[in-house]
Amino acid sequence: APIVAWFTNSIIPAAGSTLGSMIVGTMAGYPLARIKFPFRNAIFVGILATQMLPFHLLLIPLFLLMINLSLIDTHLGVILPLLAHPFGLFYMRQYMLGLPQEILDAARVDGASEYAVFFRVVLPMVRPALATLAILFSLESWNDLLWPLIVMRTEDNYPLTVGIQSQLGLYR
């Protein structure tokens, strides 16, 4: 069994989905927490409502989407559906609501654009939340069995969980 390849194939999606989920959650959480725009709360409630849908309900539409995008049996096919994680957005929004508004206003008074406020003020202040999300998302992606089992087709591309599962009952 190609256990080293399976281990490598587990690291790539775990790192990719963790990094991507942290970026998407942080970039989406900031406007939902700190920028006033119409339907902000309705959008947030809609995103939270997607958290109530079981992942099993989304398997067939996601699989058809991966077929149409030609991402079956690729690492990107495993990573892409896990990027917009509602929990990451919720957690980052709630953390950013706790940041002092005076610091952000002081940066704006000093002439910082909204992008500079985000990258130079907010991001350094949310490092503990990012570390927490990194741990949670990397564990979730590392232990994921169902989605990689559906997307990956060749044994050389299996992550460790799917590879070990494929060996169960082999020598009975």
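Data overview
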read-out: K36, sole failed condition from (1) touching a residue at least 60 places away in the same chain (Cβ under 8 Å); (2) assigned to a loop (DSSP other than H, G, I, E, B); (3) open to solvent by 80 Å² or more (accessible area, probe 1.4 Å); value: (1)
read-out: Sole exception among (1) of a type in the set (F, W, Y); (2) modelled with pLDDT of 90 or more; (3) within 20 Å of the chain's Cα centre (by Cα) for F55, by number; value: (2)
read-out: Breaking point among (1) crowded, with 19+ Cβ neighbours inside 10 Å; (2) within 18 Å of the chain's Cα centre (by Cα), for W6; value: (2)
read-out: Residue among L149, L139, L145 that alone is within 30 Å of P2 (Cβ to Cβ), out of contact with any Phe, Trp or Tyr (no Cβ under 8 Å at 6 or more places or on another chain) and free of Cβ contacts under 8 Å to residues at least 12 places away in the same chain; value: L139
read-out: Yes/no for T18 being surrounded by fewer than 14 Cβ atoms within 10 Å (Cβ to Cβ), part of a helix (DSSP H, G or I) and in contact (Cβ under 8 Å) with a residue 24 or more places away in the chain; value: no
read-out: Selection count, segment 116-172, where residues are aliphatic (A, V, I, L, M) and not in a helix (DSSP H, G or I); value: 5
read-out: In segment 47-103, residue least open to solvent (accessible area, probe 1.4 Å) [restricted to those that are polar (S, T, N, Q) and outside any helix (DSSP H, G or I)]; value: T74
read-out: Those residues of segment 103-135 which are touching a helix residue (DSSP H, G or I) at 6+ places or on another chain (Cβ under 8 Å), closer than 25 Å to L76 by Cα and without any contact (Cβ under 8 Å) to a residue 60 or more places away in the chain, in sequence order; value: T132
read-out: I43 more than 26 Å from T8 (Cα to Cα), part of a helix (DSSP H, G or I), among the β-branched types (V, I, T) and open to solvent by 50 Å² or more (accessible area, probe 1.4 Å); value: yes
read-out: Criterion violated by A129 - all others in (1) modelled with pLDDT of 95 or more; (2) closer than 30 Å to L59 by Cα; (3) open to solvent by 60 Å² or more (accessible area, probe 1.4 Å) satisfied; value: (3)
read-out: Members of segment 138-163 that are touching a Leu at 6+ places or on another chain (Cβ under 9 Å) and either modelled with pLDDT of 95 or more or not aromatic (F, W, Y) (or both); value: E140, S141, D144, L146, I150, V151, P159, T161, V162
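The values are calculated or read from the model by the stated rules, or taken from the named source; none is laboratory data. These numbers come from a predicted model, not from an experiment. So basically every Cβ, Gly included, is an ideal-geometry build from the backbone, and we count neighbours across all protein chains shown. In case anyone asks, the SASA skips ligands and DNA or RNA and just uses the protein heavy atoms, side chains included. Shrake-Rupley method; radii C 1.70, N 1.55, O 1.52, S 1.80 Å.
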